[in-house]
Ligand SMILES: [Zn+2]
């Protein structure tokens, strides 16, 4: 049973907003575009893992996707966690392409792609660390944890997994995503003793759901140009030109003539992604590039936003039905 679905990563949404709004030098722009495509590929791999987990018989398991749990002044992340009465199983998803040489004896993974070798941290070690953090988190919360296994799922179908030292841990822990279900099945056959009651499983799931803190990158720590250098204005949903004009209740694009009734909502979201979830009517009119504060107020009042304060100092932030992240 799936207890927690995977949310679309907020980091991807924020990277897209940065690339839309900040005037970046070519090198920084390329770095961020690279990061965005890596994050998108990672997310695609995780969704692939979700698909294969949903296809197997998972009646015996509680499945939680995408957990980020605060523990000992840091956070540990688990791409997918399976909880059963007999064992726990964190699974880490990797989307690396090319030839992948696993060298756990040196705690490294060597990727060869287009003739270039690149060294990564060993995903087996990374996932093992996540498993031990999960164990220590459960102990800290007064649970006696059952055995914890772990797997590394390689989602890129073009990747070639190699195990040059014929290390047993590699063949035990690493597999292509479509094979994850078989690995789980053989682990399931290995464990017979019930360590957790149904009530304890429920409690653990509840604790993990309650503790989960989604990652929201802090834009101020990302070495970006000053905030007052961003491109303001409403973006045309048709041709992506920024600077639509408000005429007779609609936004019109100077570039392609496209008309939109609600293009200001995406602009408001961009403002929230960049400056945080609070805005005044003056800040909104400045960001949209409209001169009338009244118009800005009218637009804000037509959107589901919560308000604090009154008159000039009124601050608007996303309301319950405002879909900031999807
Ligand atoms: Zn346009």
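None of the figures in this text is laboratory data; all of them are computed from the coordinates on show. Values in this document were obtained by computation on a predicted structure and should not be read as measured data. So basically every Cβ, Gly included, is an ideal-geometry build from the backbone, and we count neighbours across all protein chains shown.
With a Förster radius of 22 Å, plug the Cβ-Cβ distance of residue 157 and residue 107 into 1/(1 + (r/R0)^6) and report the FRET value to the nearest 0.05.
About 0.25, to the nearest 0.05.
Relative to the longest principal axis of the chain, what angle (0 to 90°, nearest 10) does the C-alpha long axis of helix 180-190 take?
40
Is region 173-230 rounded, prolate or oblate when judged by the Cα gyration tensor, a ≥ b ≥ c being the square roots of its eigenvalues, rounded requiring a/c under 1.5 and prolate requiring a/b larger than b/c?
oblate
Helix 123-140: angle to the longest alpha-carbon principal axis of the chain, degrees 0 to 90, nearest 10?
90
For helix 263-275, what angle does its Cα long axis make with the longest principal axis of the chain, in degrees from 0 to 90 and rounded to 10?
60
Sort 180-187, 25-32, 71-78 by the packing proxy (mean of other Cβ within 10 Å over each peptide's residues), most packed first.
180-187, 71-78, 25-32
Take every DSSP beta bridge whose two residues both sit in region 2-211, then give the antiparallel share in percent to the nearest 5.
65
Once fully extended, how much extra length lies between residue 291 and residue 71, figured as 0.36 nm per residue of separation less the alpha-carbon to alpha-carbon distance?
Gain on extension, residue 291 to residue 71, equals 74.4 nm.
Quick check: from the Cα gyration tensor, does the chain come out rounded (a/c under 1.5), prolate or oblate?
It is prolate, given that a/c is not under 1.5 and a/b is the larger ratio.
So how much slack lies between residue 58 and residue 40, counting 0.36 nm per residue of separation and subtracting their Cα-Cα distance, in nm?
3.8 nm
In nanometres, what is the gap between the two model label sites at residue 86 and residue 266, each 7 Å from Cα along Cα-to-Cβ?
Taking the simple label geometry, residue 86 and residue 266 are separated by 5.1 nm.
When 57, 228, 286 are ordered from fewest to most other Cβ atoms inside 10 Å of their Cβ, what list results?
Ranked by crowding around the Cβ, least crowded first: 228, 57, 286.
When the Cα centres of region 261-320 and region 166-229 are compared, how far apart do they sit, in Å?
A separation of 37 Å, based on Cα centres.
If R0 is 45 Å, what FRET efficiency do you get for residue 211 and residue 167 from their C-beta distance, rounded to 0.05?
0.85
State, to one decimal in nm, how far the label point of residue 143 lies from the label point of residue 203, with both points 7 Å from Cα in the Cβ direction.
In this crude label model, residue 143 to residue 203 measures out at 1.0 nm.
Given 0.36 nm per residue, what is the gain on full extension from residue 256 to residue 121 after removing their alpha carbon distance, in nm?
Once the chain is fully extended between residue 256 and residue 121, it gains 43.8 nm.
When a/c reaches 1.5 or more, the comparison of a/b and b/c decides; with that in mind, is region 214-321 rounded, prolate or oblate per its Cα gyration tensor?
It is oblate, given that a/c is not under 1.5 and a/b is not larger than b/c.
When only Cα pairs under 8 Å and 6 or more residues apart are kept, what is the percent relative contact order across the chain?
Computed value for the chain: 17 percent relative contact order.
Could you check the spin-label model distance between residue 240 and residue 301? Points 7 Å from the Cα along Cα→Cβ, value in nm.
3.7
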